[in-house]
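Where a number appears in this text, it was derived from the coordinates with a stated rule and is not lab data. The model shown is predicted, which means the values in this text are computed figures rather than measured ones. Don't worry about glycine lacking a Cβ; one is built from the backbone with ideal geometry, like all the others, and counts go over all protein chains shown.
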Amino acid sequence: MTEVTIGVLALQGGFAEHLGALSTIEGVRAVPLKRRDELDSVDALILPGGESSAIGRLLRDFDMLGRMRDRIRDGLPVWGTCAGMIILARGLENDERHHLGVMDICVRRNAYGGQLDSFETEAVIPELGATPFPLVFIRAPALTRLGPSVRTLASVDGRPVACIEGAMVATSFHPELTGDTRFHRWFAGLARNVAGS
């Protein structure tokens with residue numbers, strides 16, 4: 001099995017939980033990513049949940065935004081969870097700030113309410129098998145528009161909560177908080193396929 005190196009942006013937010021989930025997967029080397037030069041040593045990237053405005057500001061302060069955008073446009077697999085989805089989005093309904101702007105989605109911040117409105121549910125995600133996957137929503141953003149090349153991976157009450165465009169993946173929910181590593185395994189497989197090609 002080809003080993004893949006998956007970097008988890010470790011400037012702010014829930015990066016430790018992603019690193020923990022990845023550490024259980026055979027053939028995956030998980031590394032915290034904090035500097036611009038480290039972007040060139042990974043086969044895939046995870047943008048964790050947290051505070052999107054803080055993450056965006058830190059990406060600019062550490063001069064990582066441009067290089068990260070270039071690598072993603074060149075095909076680097078990337079997965080944004082919650083705030084990470086906002087960082088990836090080309091459109092933001094209730095925020096004038098734009099960050100990477102690489103994924104053809106429009107997002108509304110905190111659409112599911114504040115911290116006290118956090119909730120859990122489950123859904124079958126075909127890529128992960130027939131067993132429902134637990135979905136944890138914390139101040140979650142909503143996908144309000146998907147571009148023509150974006151495919152829905154999971155929905156709740158008829159609304160998309162996970163999607164994919166090429167090698168870019170975005171989820172409103174937090175798989176890293178569930179103890180179910182199927183989504184991380186699936187993303188590692190995507191990274192391995194891209195690295196192999």
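Scan region 62-71 for residues that are buried (at least 20 other Cβ atoms within 10 Å of the Cβ) and over 13 Å from H99 (Cα atoms) and jot them down.
Taking region 62-71 first, the residues buried (at least 20 other Cβ atoms within 10 Å of the Cβ) are 64, 68.
If the condition is that a residue be buried (at least 20 other Cβ atoms within 10 Å of the Cβ) and over 13 Å from H99 (Cα atoms), then no residue fits.
Right, L190: farther than 18 Å from E93 by Cβ and free of Cβ contacts under 8 Å to residues at least 40 places away in the same chain or not? Explain how you work it out, then say what you get.
Details: farther than 18 Å from E93 by Cβ: yes; free of Cβ contacts under 8 Å to residues at least 40 places away in the same chain: no.
Spelling it out, it is not the case that L190 is farther than 18 Å from E93 by Cβ and free of Cβ contacts under 8 Å to residues at least 40 places away in the same chain.
Collect the residues in region 93-108 that are out of contact with any strand residue (DSSP E or B) (no Cβ under 6 Å at 6 or more places or on another chain) and crowded, with 19+ Cβ neighbours inside 10 Å, keeping them in residue-number order.
Of region 93-108, the ones out of contact with any strand residue (DSSP E or B) (no Cβ under 6 Å at 6 or more places or on another chain) are 95-100, 102.
Within region 93-108, H99, L100, V102 qualify.
If G158 satisfies all but one of (1) of a type in the set (G, A, S); (2) closer than 16 Å to G49 by Cα; (3) surrounded by fewer than 24 Cβ atoms within 10 Å (Cβ to Cβ), what's the number of the condition it fails?
All conditions pass for G158, except number (2).
In region 154-175, what count of residues is obtained for those that are outside any strand (DSSP E or B), closer than 22 Å to N94 by Cβ and of a type in the set (A, V, I, L, M, F, W, C)?
Matching residues across region 154-175 total 1.
Which of (1) among the small types (G, A, S); (2) more than 21 Å from P160 (Cα to Cα); (3) under 14 Å from the mean Cα position of the chain (by Cα) is the odd one out, the single condition A54 does not satisfy?
Going through the list (1) among the small types (G, A, S); (2) more than 21 Å from P160 (Cα to Cα); (3) under 14 Å from the mean Cα position of the chain (by Cα), A54 breaks only (3).
Restricting to region 137-153, count the residues that are part of a strand (DSSP E or B) and either within 14 Å of the chain's Cα centre (by Cα) or without any contact (Cβ under 8 Å) to a residue 40 or more places away in the chain (or both). Reasoning before the result, please.
Residues of region 137-153 that are part of a strand (DSSP E or B), as a first pass: 137, 142-146, 151-153.
Retained after the next criterion (residues that are either within 14 Å of the chain's Cα centre (by Cα) or without any contact (Cβ under 8 Å) to a residue 40 or more places away in the chain (or both)): 137, 142-143, 151-153.
Qualifying residue count for the region: 6.
If a residue has to be under 17 Å from T178 (Cβ atoms), assigned to a loop (DSSP other than H, G, I, E, B) and either among the basic types (K, R) or touching a strand residue (DSSP E or B) at 6+ places or on another chain (Cβ under 7 Å) (or both) to count, how many in region 1-29 make the cut? Talk me through it step by step, then tell me what you get.
The first filter runs over region 1-29 and keeps only residues under 17 Å from T178 (Cβ atoms), leaving 8, 13-25.
Filter once more, so that each one left must be assigned to a loop (DSSP other than H, G, I, E, B): 13-14, 23-25.
Retained after the next criterion (residues that are either among the basic types (K, R) or touching a strand residue (DSSP E or B) at 6+ places or on another chain (Cβ under 7 Å) (or both)): 23.
Matching residues across region 1-29 total 1.
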